[in-house]
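Each reported figure results from applying straightforward, stated rules to the coordinates on display, with no laboratory input. Keep in mind that this is a model prediction, so the values were computed, not measured. Cβ: placed from backbone, ideal geometry, glycine included. Neighbour counts: every protein chain shown.
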Number of protein chains: 2
Amino acid sequence: MRIALHHKGIDYDYRPIHLVKDGGEQRKDDYLSLNPKGEVPFFIDGELKLGQSMAILLYIEDRWSERPLFPKNAAEMAKCIQVCEIINSGIQPIQNLAVMHEVKRRYNLNDEEKVDWSRFWIQKGLDALEKVLGPLAGKFCLGNGLTAADLFLVPQVYNGKKFGVNFSGLPLISKINDSCLELESFKLADPSCQPDSP
Amino acid sequence: MRIALHHKGIDYDYRPIHLVKDGGEQRKDDYLSLNPKGEVPFFIDGELKLGQSMAILLYIEDRWSERPLFPKNAAEMAKCIQVCEIINSGIQPIQNLAVMHEVKRRYNLNDEEKVDWSRFWIQKGLDALEKVLGPLAGKFCLGNGLTAADLFLVPQVYNGKKFGVNFSGLPLISKINDSCLELESFKLADPSCQPDSP
């Protein structure tokens, strides 16, 4: 979401929500009253208070149409959303911090076993995505223009690397990730560049 | 997705993919060559081959605009997608058959422990969704008109009931579910009405 805002040159206030500190700021009453789902990102534009990455990205596209991140053609738009969702709904939710925490707590895992859970789902998801991207990808997920699909891919690759996913069978994904990381909007949105980065 | 097609009166061929029989037809090579992610639903319209529920529903809305399932106003559209995604990305992926199978296999669970995993995530997700719906809901998730959000809600409630979720603190969700089940398009799409129903 940060990447989309940088890409479109939209000014925004960034309010960090630390997911680990003090048991997670996203679980505090203040934040839960705003977003009962207790997750990030969360986006506020005037009266509109919005959770869920896909909803936020589609809203940003509609509200600030310059430098589009979704294709105009209906079939291409559908494929773009498919790729977004393979990550946003097919990978990210099964490997996130809340699920890792719960799997560890329930089944008395050590940290390596906990990480193995997430690594397994990221590997499985990216292996399938690599095949889906075969007929679609160019420099980016959908041909040679940056789309929302790339915005979902890069943070997932970042997590995959952190958790030891094997990228040797993922040449397309690796190449697209490299192409993205050369872009200014991705550099500005990198976790290490945020004001709350440790 | 079946509900959307019935709602809009679109003729379609239904090809059942049995998720349990023979270890799951979605894992067979024939299906994987079509959809490497090995999941349902999958939608074919001419040259377009499309996975991921959200992508399919948005495409159907664009292609067959009669009897709309998404609001026209940008902020309402965003809230609608937020509600869809709380289920589609926030609940469904963590409690589905593939994850249940893996959690059971990895941690040597019995069937009741396996179901408890899914029950936990559905309960947590629906509890949060009930709060999100507070200022939004009428007869349906977003006021008094049926939207895509209801199409995601009903199958998730169906699974919740199957897995023993406690609905006593979920009056809004229960009422919306009842409203939906009175509609012809939901009756026609009920799992028990499909040609492959056991």
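For the reader, a short list of remarks on this structure follows.
- Fully extending the segment from A:Glu182 to A:Lys104, taken as 0.36 nm per residue of separation minus the present Cα-Cα distance, adds 24.5 nm.
- Cleavage-rule hits (chymotrypsin sites (Phe, Trp or Tyr not before Pro)) in the stretch B:140-198: DSSP loop, at most 11 neighbouring Cβ within 10 angstrom: none
- Per DSSP, loop GluC sites (Glu not before Pro) in the stretch A:28-118 with at most 11 further Cβ within 10 Å: A:Glu47, A:Glu66
- Inter-label distance, nm, simple model (7 Å from Cα along the C-beta direction), B:Ser174/A:Lys72: 5.0
- Here B:Ser192, A:Ser65 are placed in order of increasing Cβ neighbour count within 10 Å, fewest first, which gives B:Ser192, A:Ser65.
- Sequence-distant residues sharing a close amide H with A:Ala137 (under 5 Å, placed H): A:Gly143
- Anisotropy class of the protein assembly as shown from Cα gyration tensor, a/c 1.5 cut: rounded
- Amide H contacts for A:Thr147 (H built 1.01 Å from N in the peptide plane; partners 5 or more residues away or on another chain; cut-off under 5 Å): A:Cys141, A:Leu142.
- Under the convention that each Lys and Arg Cβ holds +1 and each Asp and Glu Cβ holds -1, the size of the dipole of the stretch B:6-97 around its Cα centre is about 200 debye.
- Copies compared at A:Gly9 - label distances in nm, ascending, label defined 7 Å from Cα in the Cβ direction: 4.7
- Estimated dipole of chain A in Debye, rounded to 20 [Cβ of Lys and Arg +1, of Asp and Glu -1, Cα centre]: 400
- Counting only Cα atoms, the stretch B:27-113 measures 49, 32, 16 Å along its principal axes, largest extent leading.
- Residue order for A:Leu151, B:Leu50, fewest other beta carbons within 10 angstrom first, comes to B:Leu50, A:Leu151.
- Applying both filters, DSSP loop and at most 11 other Cβ atoms within 10 Å, to the chymotrypsin sites (Phe, Trp or Tyr not before Pro) of the stretch B:1-96 gives B:Tyr14.
- At 7 Å out from Cα toward Cβ: A:Lys49 inter-copy label distances (nm, ascending): 4.4
- Prolate/oblate/rounded label for the stretch A:74-188 (Cα gyration tensor, a/c 1.5): prolate
- Ascending count of other beta-carbon atoms within 10 Å, so fewest first, for B:Ser168, B:Ser53, A:Ser174: B:Ser168, A:Ser174, B:Ser53
- Among A:Leu57, A:Ser118, A:Asn96 - extreme Cα towards positive end, dipole of chain A, charges at beta-carbon: A:Ser118
- Plainly put, the tip 7 Å out from Cα toward Cβ on A:Asn144 is 5.4 nm from that tip on each other copy, the closest given first.
- Two numbers describe the Cα atoms of chain B: Rg and Dmax, which are 17.0, 49 Å.
- Centroid-to-centroid separation of the stretch B:28-48 and the stretch B:81-130 [C-alpha atoms, Å]: 23
- Taking the inverse of the mean 1/r over every pair of distinct Cα atoms in the stretch A:2-66 gives a Kirkwood hydrodynamic radius of 12.8 Å.
- Dipole check for the protein assembly as shown: with +1 at the C-beta of Lys and Arg, -1 at the C-beta of Asp and Glu, and the Cα centre as origin, the magnitude is about 420 Debye.
- Put simply, the stretch B:90-149 fits an ellipsoid with semi-axes of 31, 11, 7 Å; these come from the alpha carbon gyration tensor as the roots of five times its eigenvalues, largest first.
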